[in-house]
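Right, one structure below, let's go through it.
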Amino acid sequence: MYRFLLTRQWVILTLIALVLIPTMVELGFWQLHRHERRVAQNSLIARNLEAKPVPVGELTSPGHTVPRADYWRQVTATGTFDTTHEVVVRRRTNADDRVGFHVLTPLVLADGRAVLVNRGWIPAAADQKAFPTVPAAPKGAVTVTGRLKADETTHASGIKDLSGLPPRQVMLINSEQQAASLGRPLLGGYLELTAPKPAGDSPEQIPDPDHDSIGAHMAYAVQWWLFAAGVPVGWVILVRREKRDRAAASAESAPEPAAATA
């Protein structure tokens, strides 16, 4: 009755179904893990943004790699901006998705060390190779507050080619790269400036990281699991339909009984 399941067509169809089920289940768990990571990151961002600011020297030092647990921690630093070694970071967007630059200015601390401060976004100039017009940094001693971030790397960013850039333009914010030209100890990581607030002709402040949305990963996970459950159901429906069609075809092809003779 079900001998047709041994035909090549049905063997291939059954094998495909057996492969699809665990694949879809695994894809569902992949989306679930992405959902869990997003929830954990949102909690980390919210917790660190709400934490009381601490001096930057308590969380980082020259050559230090900022751990994920300290991302977005509010820190303070007091010093003088060194605009001589100021650079801009290419291909950065603002809240309106306009492409421009981030302004990266070292802040020299009282002990002679420095920390990189991302002062915010400015629009790109017509000539991409020319150094853009950058709003002046505050003069004299200033106390800033910012979100602590880890150094950007080629591995994490996917940006491989860092050569051939115009003077004072970089692709990544990396304290080790900037320390070579600065000539003084540079704290690991950098700050995204949050205070003092921009006034007048200042770079556009970088908004807080998104920590409210969780995306649709959980919905995608449930969707994949429903697909996985639907595969065997669909297979059974096809088998029953095939059995019915074959039975109907056999009935139609069966010879009619001979008429009775008087």
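For the reader, a short list of remarks on this structure follows.
- For segment 48-59, a residue qualifies if it is in contact (Cβ under 8 Å) with a residue 60 or more places away in the chain and open to solvent by 50 Å² or more (accessible area, probe 1.4 Å), and exactly one does: P53.
- From the options D201, D151, D208, residue that is in a loop (DSSP other than H, G, I, E, B) and at pLDDT 95 or above: D151
- Any hit, segment 228-239, residues being touching a Phe, Trp or Tyr at 6+ places or on another chain (Cβ under 8 Å), in a helix (DSSP H, G or I) and in contact (Cβ under 8 Å) with a residue 60 or more places away in the chain: yes
- Residue match in segment 126-143 (condition: farther than 30 Å from A51 by Cα, at pLDDT 85 or above, out of contact with any Pro (no Cβ under 7 Å at 6 or more places or on another chain) and crowded, with 17+ Cβ neighbours inside 10 Å): yes
Listed here are the residues, each with its yes/no results for (1) touching a strand residue (DSSP E or B) at 6+ places or on another chain (Cβ under 8 Å); (2) farther than 30 Å from S250 by Cα; (3) open to solvent by less than 60 Å² (accessible area, probe 1.4 Å).
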residue: E26; (1), (2), (3): no, yes, no
residue: Q41; (1), (2), (3): no, yes, no
residue: A46; (1), (2), (3): no, yes, yes
residue: T84; (1), (2), (3): no, yes, no
residue: R90; (1), (2), (3): yes, yes, yes
residue: D97; (1), (2), (3): no, yes, no
residue: T105; (1), (2), (3): yes, yes, yes
residue: L109; (1), (2), (3): yes, yes, yes
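- Residues within segment 170-224 that are under 16 Å from L148 (Cβ atoms) and either open to solvent by 70 Å² or more (accessible area, probe 1.4 Å) or among the aromatic types (F, W, Y) (or both), tallied: 2
The values are calculated or read from the model by the stated rules, or taken from the named source; none is laboratory data. This is a predicted model, so every value here is computed, not measured. We place every Cβ from the backbone using ideal geometry, glycine too, and count neighbours over all the protein chains shown. SASA here: full protein model, heavy atoms, side chains in, ligands and nucleic acids out. Shrake-Rupley method; radii C 1.70, N 1.55, O 1.52, S 1.80 Å.
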